[in-house]
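The values are calculated or read from the model by the stated rules, or taken from the named source; none is laboratory data. As the structure is a computational prediction, the values presented were derived from the model and not from experiment. All Cβ positions, glycine included, derive from the backbone under ideal geometry; neighbour counts span all protein chains shown.
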Amino acid sequence: MTSKVAYCIKGTFVHATDSSPIEILQNHIMGVNSKGKIEFLEHAREQLKLAKKWRFSESDIRELGSHEFCMPGMVDTHIHAPQYSFSGTALDLPLLEWLDKYTFPTEKKYKEVDFAKNIYTSIVRRTLRNGTTTACYFATIYTDSSLLLAEIAHNYGQRAFVGKVCMDINNFVPNYKETTDESIAETERFVKTFLERKYCRVKPIITPRFAVSCSEKLLQELGELAIIHGTHIQSHISEADGEINLVKTLFPNYKNYTDVYDKNKLLTDKTVMAHGCYLSDEELAIFRERGAAISHCPNSNISLCSGHLDVRKVLEHKVKLGLGTDVAGGYSPSMLDAFRRTMDMSKVLYIQHELGQKIDCSSLYSPRGNQQTMPASKALPNKKEKYTALTYKEAFRLATLGGSQALNIDDVTGNFQVGKEFDAILVSPCVPDGPLDVFADDTVEDIVQKFLYLGDDRNIKEVYVAGKQVVPLPNA
Ligand code: GUN
Ligand code: ZN
């Protein structure tokens, strides 16, 4: 008798649903079909009934070990693959100077496909090991090495969006830019070649770097290309005040930063914009209307002293929101880190609110004379209103289901709803010499929290994308 499912897993499942930021299902059985889709997730008391319907036997069931649980794979909605080579270094300058001194010179090296291969392989392997089942990557301006990143993600089985970066303005590293026509032609070549390769789970994403490095014509043409090919779009918005001032100067005829993207048809329900720290209520309302999403990258916002996003405000505006590592403005390629920084930043906002304080980071870079004045009064919540810090459950939701909604792929992944693809990590909290300890009186919820706050890749025993096991990784 052939089973109608490829495999079954029995144990604890933890995920976010539309009605609950964390649902913990103990003693449940999940069936995954040969296409990697979840056929059922039901209490184990239904085992006999399920076994009859789906024609599986006891030996087809994989039983999870003590304290182990499955949770959805995490969704990194914003990560720069080429910047992985310098992650954990070079965090001593504000955004625009950091781009000029470290980022552009590094990205220039990716013209060499062989150079790119090593680092792109490392970041895909690293993020998969960290439990990132979906990554939304920026590559560089070079089409061939950007296509290589897509191939590597595909070969390792990661779900991904990959963007060839577009920029026709670069006043500081002038040989790291394209002409407007080149940028458009190369983006077309990138998208066409990509689509010919027919990867199932790796998709092209139109990637104007940010308004500062794109002419109006380029933005316009990229907006049109995204419509023609029905592709996703990613960029940066309102990350740091130096950048915002520059956008005001470069685009004087637009209402605000959001308007620059919106008027050029770059704000759609398949758009994800990183940061958004200084977006006004009016701009957030446009995001909501267009169905565009924000990627919250707290490690980067702190590391580059750019600003901070008031996540609560974004959620209240009902704007789609996911989390991003923003490697290497953010130094960690782990979404667990993004979860933790999200919690920390939300609590800092709460403390500031309670104390009625405002942060002034302007002195941070003063020894080098690179001051950037944070318009803190605009960013901070009003003291008179009640401010509610995020719960860990809400941050868990953002790292999983929220990310899939931000990328508009929540019909396929993000939680364990029947019919979705099984993108998951198998967490093993108790590993020898691991980063966390479980004690006798810990509840399942305690253990889940301990993993989110203390765990790392040592606890991520297996990773699945669309039902296929991708971690442990093959040897490099
Ligand atoms: N804005 C434009 N490019 C970048 C980048 O590479 N990193 C960050 N954090 N912000 C940007
Ligand atoms: Zn970024």
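Please tell me if T325 is surrounded by 22 or more Cβ atoms within 10 Å (Cβ to Cβ) and away from ligand 1 (no atom under 13 Å from the Cβ). Even if it seems obvious, please write down each step before you answer.
Values: surrounded by 22 or more Cβ atoms within 10 Å (Cβ to Cβ): yes; away from ligand 1 (no atom under 13 Å from the Cβ): no.
In short, no.
Show me the strands (runs of 3 or more DSSP E) entirely contained within the stretch 1-102 in which 2 or more residues are among the aliphatic types (A, V, I, L, M).
Details: elements: 7-15, 23-32, 38-43, 61-63, 69-72, 74-80.
By residue number, 7-15, 23-32, 38-43, 74-80.
Is it the case that the stretch 265-283 has a residue that's within 16 Å of ligand 2 (Cβ to nearest atom), assigned by the TED database to the domain that holds T103, closer than 21 Å to E243 by Cα and polar (S, T, N, Q)?
The answer is yes; a qualifying residue exists.
Just for helices (runs of 4 or more DSSP H) wholly inside the stretch 176-283: which have at least 1 residues that are under 27 Å from M345 (Cβ atoms)? Please lay out each step first, then the result.
Numbers: elements: 180-196, 216-229, 241-250, 257-263.
Output list reads 241-250, 257-263.
When residues of the stretch 247-280 are filtered for being free of Cβ contacts under 8 Å to residues at least 12 places away in the same chain and of a type in the set (A, V, I, L, M, F, W, C), how many remain?
Qualifying residue count, the stretch 247-280: 0.
Return the residue satisfying two criteria in turn: it lies in the stretch 316-342 and is assigned to a helix (DSSP H, G or I) and without any contact (Cβ under 8 Å) to a residue 60 or more places away in the chain, and of such residues it is farthest from ligand 2 (Cβ to nearest atom).
Initially, the stretch 316-342 is screened for residues assigned to a helix (DSSP H, G or I), giving 316, 335-342.
With without any contact (Cβ under 8 Å) to a residue 60 or more places away in the chain added as a condition, the list becomes 316, 337, 341-342.
On the way: E316: 25, D337: 15, R341: 15, T342: 16 Å.
Among residues in the stretch 316-342 that are assigned to a helix (DSSP H, G or I) and without any contact (Cβ under 8 Å) to a residue 60 or more places away in the chain, the one farthest from ligand 2 (Cβ to nearest atom) is E316.
Is it true that K347 is more than 16 Å from ligand 1 (Cβ to nearest atom), at pLDDT 90 or above, in a loop (DSSP other than H, G, I, E, B) and surrounded by fewer than 21 Cβ atoms within 10 Å (Cβ to Cβ)? Give the steps one after another, and end with the answer.
On the way: more than 16 Å from ligand 1 (Cβ to nearest atom): yes; at pLDDT 90 or above: yes; in a loop (DSSP other than H, G, I, E, B): no; surrounded by fewer than 21 Cβ atoms within 10 Å (Cβ to Cβ): yes.
It is false that K347 is more than 16 Å from ligand 1 (Cβ to nearest atom), at pLDDT 90 or above, in a loop (DSSP other than H, G, I, E, B) and surrounded by fewer than 21 Cβ atoms within 10 Å (Cβ to Cβ).
Looking at the stretch 290-309 only, could you name the residues that are assigned to a loop (DSSP other than H, G, I, E, B) and within 14 Å of ligand 2 (Cβ to nearest atom)?
Within the stretch 290-309, the first condition is being assigned to a loop (DSSP other than H, G, I, E, B), and the residues that meet it are 291-292, 297, 304-309.
The answer is C297, L304, S306, G307, L309.
Among the residues of the stretch 103-150, write down those that are acidic (D, E) and either under 14 Å from A328 (Cβ atoms) or assigned to a helix (DSSP H, G or I) (or both). I'd like the intermediate steps shown before the answer.
Step one: of the stretch 103-150, the residues acidic (D, E) are 107, 112, 114, 144.
Scanning the stretch 103-150 gives E107, D114, D144.
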